[in-house]
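The values are calculated or read from the model by the stated rules, or taken from the named source; none is laboratory data. Everything quoted here is computed from the prediction, not taken from an experiment. Using ideal geometry, Cβ is built from the backbone for each residue, glycine included, and neighbour counts are taken over all protein chains shown. Side chains included, ligands, DNA and RNA excluded: accessible areas come from the protein's heavy atoms. Shrake-Rupley method; radii C 1.70, N 1.55, O 1.52, S 1.80 Å.
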Amino acid sequence: MNPLNAVVAVIRSYNNPAVVKQVNSLRSFLSRIVVVTDFQRDRGATKAWLDEVNDPCVNLIEMSEGYSWANALNRAIDYMQLFNAQRTSAGQFDYIFNVSVEARFEQEHVKQMIEKFDDSSIGVVGTTFRGTCEGNEVSLGLSYRHPRNTGMLVRLSAFSHRMTRDFDGFCDDVGGMEDIDFICRMEVFTEYKADVLDLRVPLIVGRHYNQTDKESRERAAMEKIFARYRTWQERISKVVEKFS
C-alpha cells in the first residue's frame, strides 16, 4: 500500500487564489484534500476556484461562523474522524497534514515525514523551512524551530485523548501558535512525541504580512501559552501539597 494514501491534507484559506495551485500540487501525490474557509470573508470565492478544479477528492468546508486558525483545523479533524467512521479500516486515513498555501512541499518531503511514523511513539512530524521573499532568503526566526501547521503531519490517533482532542482556541486569542500548544499537551498527556526533520521546505513569506512582525507576534504568543502552563503547574503543586 502506498503510505501517501493514508494522508489527508488540510488547508486553511480564504480570498487567496493561490489555493488552487497548492491543491493541484498536493493532489499530484495525495489522495484527498480538505480546504477550510471563512465564508463571511471569502463569500464563495474559494468555492468558485475549487469548482473549476472539479475534483471529488477535494472537499471544501465553509465555516459560516466561529472561523479561526484553531477552529478551522478542528472542523477538519471532526470531518475526517466522521469520514473514517463511515469506512472500513482499509479505506481510512491515518494522518492529517496541516499545510500552508505558501509551503512548497513535494512528494519526497511528505514521504520522509511519513517514514518517521514507523516509530510508534511519534505523534507529530514537522520540518524546517527555507523562507523566501521575492527570491531572497529570509530568516523565519525561533518560532519555526518546532513543528508548525505550516506543514505538520499528525497521527490522527493523537487526537483521541481527551486532553489532546483539538487545537485550543485560546491560542487564537493570544496571537496564534496553536501548533506548539498542541505538541506540548500531546507530550505531557499521551505517550506520543514530536519530531522535526531538516528538509528546508521552500516557504514564500512576506506576501500577506511582514515576517519580522509575524515572528514577534508568535514569540509573544508562545510566552503567553507557556505562562499559562507555569500557572497551572503552580496551582497543581499547591493542590497536591494541600491534599497529600
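Residue by residue through region 153-164, which ³J(HN,Hα) values in whole Hz follow from phi under the Karplus form 6.51 cos²θ - 1.76 cosθ + 1.60 (θ = phi - 60°), with glycine and proline marked x?
Using θ = phi - 60°, the values come out as 9, 10, 5, 4, 5, 5, 8, 7, 6, 5, 8, 9 Hz.
Which of the trypsin sites (Lys or Arg not before Pro) found in region 1-65 are in a DSSP loop and have at most 14 neighbouring Cβ atoms, other than their own, within 10 Å?
43
Loop only by DSSP, 10 or fewer other Cβ within 10 Å of the Cβ. Give me the GluC sites (Glu not before Pro) in region 1-95 that pass, ordered by residue number.
Those that pass, being in a loop and sparsely packed, are 65.
Give the residue from 26, 57, 211 lying farthest towards the positive end of the charge dipole for the chain; charges sit on Cβ (+1 for Lys and Arg, -1 for Asp and Glu) and the dipole is referred to the Cα centre.
211
When the C-alpha atoms of the chain are aligned to their principal axes, what extent does each axis show, in angstrom, from largest down?
Between the extreme Cα coordinates on each principal axis of the chain lie 63, 45, 37 Å.
May I ask you to compute the full-extension gain from residue 4 to residue 239, defined as 0.36 nm times their residue separation minus their alpha-carbon distance, rounded to one decimal in nm?
Answer, rounded to one decimal: 79.9 nm.
Normalised by the number of residues in the chain, what is the relative contact order in percent for Cα pairs under 8 Å and 6+ residues apart?
20 percent
From the helices alone, meaning DSSP H stretches of at least four residues, give me the mean residue ellipticity at 222 nm for the chain, per-run term -39500 (n - 2.57), in deg cm²/dmol to the nearest 500.
Here the helix-only value at 222 nm equals -12500 deg cm²/dmol.
In a GNM of the chain with a 10 Å cut-off on Cα contacts, which of 215, 134, 106 has the highest mean-square fluctuation?
Taking springs between Cα atoms under 10 Å, the residue moving most is 134.
Residues of the chain: accessible area per residue at 1.4 Å, in Å²?
Averaged over the residues of the chain, the accessible area is 51 Å².
Give the total of Lys-Lys pairs in the chain with Cα-Cα distances below 26 Å; include a pair only if its members are 8 or more places apart or on different chains.
Taking the chain as the scope, the lysine pair count is 8.
Per 10 Å bin from zero, what fraction in whole % of the C-alpha pairs of region 66-156 is there, up to the bin with the longest pair?
With 10 Å bins starting at 0, P(r) equals 14, 39, 35, 10, 2.
Please list, ordered by chain and number, the residues whose modelled amide H lies under 5 Å from the amide H of residue 140; skip anything fewer than 5 residues away on the same chain.
So residue 140 has HN proximity to 131.
As an exercise, use a Förster radius of 51 Å and the Cβ-Cβ distance of residue 138 and residue 90 to find the FRET efficiency, rounded to the nearest 0.05.
Step by step, r from the Cβ atoms, then E = 0.70.
Compute the separation of the alpha-carbon centres of region 5-77 and region 115-138 and state it in Å as a whole number.
Spelled out, the Cα-based centre of one part sits 21 Å from the other.
For residue 127, list long-range residues whose amide hydrogen, built 1.01 Å from N in the peptide plane, is under 5 Å from its own amide hydrogen.
148, 197
In Å and from the alpha-carbon atoms only, list the Rg and Dmax of region 24-124.
Cα-based Rg and Dmax for region 24-124 come out at 14.7, 43 Å.
Calculate one ³J(HN,Hα) per residue across region 187-203 by plugging θ = phi - 60° into the Karplus curve 6.51 cos²θ - 1.76 cosθ + 1.60, and present them in order as whole Hz with x for glycine and proline.
6, 7, 9, 10, 8, 7, 10, 10, 9, 10, 9, 8, 8, 6, 5, x, 9
Choose one answer from 56, 147, 202: the residue with the largest mean-square fluctuation in a GNM of the chain with alpha-carbon springs under 10 Å.
Among 56, 147, 202, the largest GNM mean-square fluctuation belongs to 56.
Given a 1.4 angstrom probe, I'd like the percentage of the accessible area of the chain that is carbon and sulfur, rounded to a whole number.
Answer for the chain: carbon and sulfur cover 47 percent of the accessible area.
Using a 7 Å offset from the Cα along the Cα-to-Cβ direction at both residue 165 and residue 15, what is the distance between the two label points in nm, to one decimal?
Roughly 3.4 nm, to one decimal.
Taking region 131-168, which trypsin sites (Lys or Arg not before Pro) meet the DSSP loop condition and have no more than 15 other C-beta atoms within 10 Å?
Listed in order of number, the matching sites are 145, 162, 165.
List, in order, the whole-Hz ³J(HN,Hα) value for each residue of region 11-16 obtained from phi through the Karplus relation with A = 6.51, B = -1.76, C = 1.60 and θ = phi - 60°; use x for Gly and Pro.
After applying 6.51 cos²θ - 1.76 cosθ + 1.60, I find 10, 9, 6, 7, 6, 10 Hz.
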